[in-house]
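Here's the structure we're looking at; comments come further down.
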Amino acid sequence: MSPEPNSALFDVTFIGAGPTGLFGAFYAGLREMSCKIIDALPKAGGQLIALYPEKMIYDSPGYPGIVSKDLVTNLVKQTGQWNPAMALGERALHLTRGPSPDGAEECWRLETDKAQHYTRTLVIAAGIGAFEPTKLKNETVERFEGRGVYYLVEELAEFAGKRVLIVGGGDSAVDWALALEPLAQKVTLIHRRDAFRAHDASVNALMASKVDVRLYHELKDVTGGDHLQQAVIFDNRTHEDVPMELDALILALGFKADLGPIREWGLETIGRRYIKVNARMETNLPGVYAAGDVAAQEELDPLNLIVVGFGQVTIAVNYAYTVVKPGGKVFPGHSSEKMAGTAVPA
């Protein structure tokens with residue numbers, strides 16, 4: 001059964017309702033472009049809602065610190081001023097070039113698992129694409145998934161008063177340890193090396209906290225009854241085992257990312273994860289752009305930060321405007337002039 005056609009033609013469509021896609025839709029509204037947002041997840045927010053709703057973010061402009069889900073709430077409110085069309089819970093499958101529904105012009109047709117969408121330009125802001133948590137190849141851990149073993153922290157309060165063991169050395173491991181330390185009975189973090197892959201300020205805060213940090217340690221096995229009760233960790237230098245009682249094990253080992261069906265659209269890519277773009281955030285397909293964690297330029301190391309995504313999608317939208325409005329200026333003017341007299345959402 002073919003997806004239902006959606007006969008409306010939009011100036012720009014965003015694949016991805018994470019921070020980059022949401023801010024891009026806001027900017028498209030500033031430029032008076034009709035806009036649609038498509039995302040496979042049932043809620044807007046992308047990784048921030050699906051993976052890290054309780055995580056603190058410290059590098060979003062204007063906020064000394066803000067909880068992920070609150071940042072998403074603000075972005076949705078900001079974007080909602082322009083009433084963009086939202087197609088949530090739809091997975092993008094195919095992209096083809098063809099006539100618009102009324103046959104008046106050429107456009108892009110995007111087919112999802114539920115509908116067909118038409119757009120003059122497309123901005124891919126799909127984050128890390130399809131993702132799944134990296135798991136340990138350990139049968140004892142698999143046995144307790146859903147019974148004390150976690151890959152995400154959705155609600156901090158769930159760990160209040162508990163003995164928590166966190167495995168990992170990246171930003172998520174460090175951030176969750178810091179966030180849980182005031183709530184949990186005890187937090188232990190183990191990392192197999194002596195160097196963290198996290199922000200220096202966060203690592204310094206971790207080492208100054210009450211979190212029991214054990215470097216050069218790894219997880220050996222876990223045991224329990226109906227629920228996780230104990231873990232054995234070991235020093236990978238001496239191979240000495242260290243048993244410990246616990247209530248929750250959080251495996252913060254990162255996520256496996258893949259572009260999924262997007263890989264079949266004829267886009268030039270860099271590795272398996274990134275879509276190749278130029279300084280205008282253009283891909284090799286006309287009128288198709290990419291921004292945020294999914295985009296990369298040759299000879300530049302990707303900076304997968306929310307603030308970078310904001311800048312990149314702003315560039316993409318302003319160049320997309322010149323495709324939709326031939327002869328239009330890339331520079332949009334200042335928002336203070338465009339929105340004069342517009343009520344700011346409470």
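Quick notes
- Vicinal HN-Hα couplings computed from phi for the stretch 16-26 (Karplus, 6.51 cos²θ - 1.76 cosθ + 1.60; Hz; Gly/Pro x): x, 10, x, x, 5, x, 5, 5, x, 5, 4
- For the residue pairs LYS135/LYS276; LYS55/LYS256; LYS36/LYS256; LYS77/LYS276, alpha carbon separations beyond 24 Å are given by LYS135/LYS276; LYS36/LYS256; LYS77/LYS276.
- Using the Cβ-Cβ distance between ILE66 and GLU245 with R0 set to 35 Å, the FRET efficiency works out to roughly 0.50.
- Straightening the chain between VAL307 and ALA195 buys 37.8 nm, computed as 0.36 nm per residue apart minus the Cα-Cα spacing.
- Binned Cα-Cα distances of the chain, short to long, each 10 Å bin given as a whole percent: 5, 23, 28, 21, 14, 6, 1, 0
- DSSP-defined beta bridges in the stretch 1-160 - what % are antiparallel, rounded to 5: 45
- Fully extending the segment from LEU183 to ASP235, taken as 0.36 nm per residue of separation minus the present Cα-Cα distance, adds 16.0 nm.
- Probing with 1.4 Å while keeping every protein chain in the model, the per residue accessible area of the chain equals 48 Å².
- Think of it as helices only: each DSSP H run of n ≥ 4 in the chain is worth -39500 (n - 2.57), and spread over all residues that comes to -6000 deg cm²/dmol at 222 nm.
- Loop GluC sites (Glu not before Pro), the stretch 123-193, which have at most 11 other Cβ atoms in a 10 Å radius of their Cβ (DSSP): GLU155
- Residue among LYS186, LYS137, LYS256 with the largest mean-square fluctuation in a Gaussian network model of the chain, springs linking Cα atoms under 10 Å: LYS137
- Computed FRET value (nearest 0.05) for LYS77 with ASP212, which takes r as the C-beta separation and R₀ as 41 Å: 0.55
- Given their separation in residues at 0.36 nm each and the Cα-Cα distance between them, ALA205 and ASP102 gain 31.2 nm when the chain is fully extended.
- For LYS55, distant residues with modelled amide H under 5 Å away: SER68, LYS69
- Mean separation of Cα contacts under 8 Å, 6 or more apart, over the residue count of the chain: relative contact order %: 19
- Taking all Cα pairs closer than 8 Å and separated by 6 or more residues, the relative contact order of the stretch 178-285 comes to 15 percent.
- Rounded percent of accessible protein surface that carbon and sulfur make up, the stretch 63-218, 1.4 Å probe: 48
- Residues in the stretch 29-37 carry Karplus couplings, in order, of x, 4, 8, 6, 9, 5, 9, 9, 10 Hz; the curve used is 6.51 cos²θ - 1.76 cosθ + 1.60 with θ = phi - 60°, and Gly or Pro positions show x.
The values are calculated or read from the model by the stated rules, or taken from the named source; none is laboratory data. The structure presented is a predicted model; accordingly, all values stated were derived computationally and were not measured. Cβ: placed from backbone, ideal geometry, glycine included. Neighbour counts: every protein chain shown. Protein only, heavy atoms only, side chains kept; ligands, DNA and RNA dropped before computing areas. Shrake-Rupley method; radii C 1.70, N 1.55, O 1.52, S 1.80 Å.
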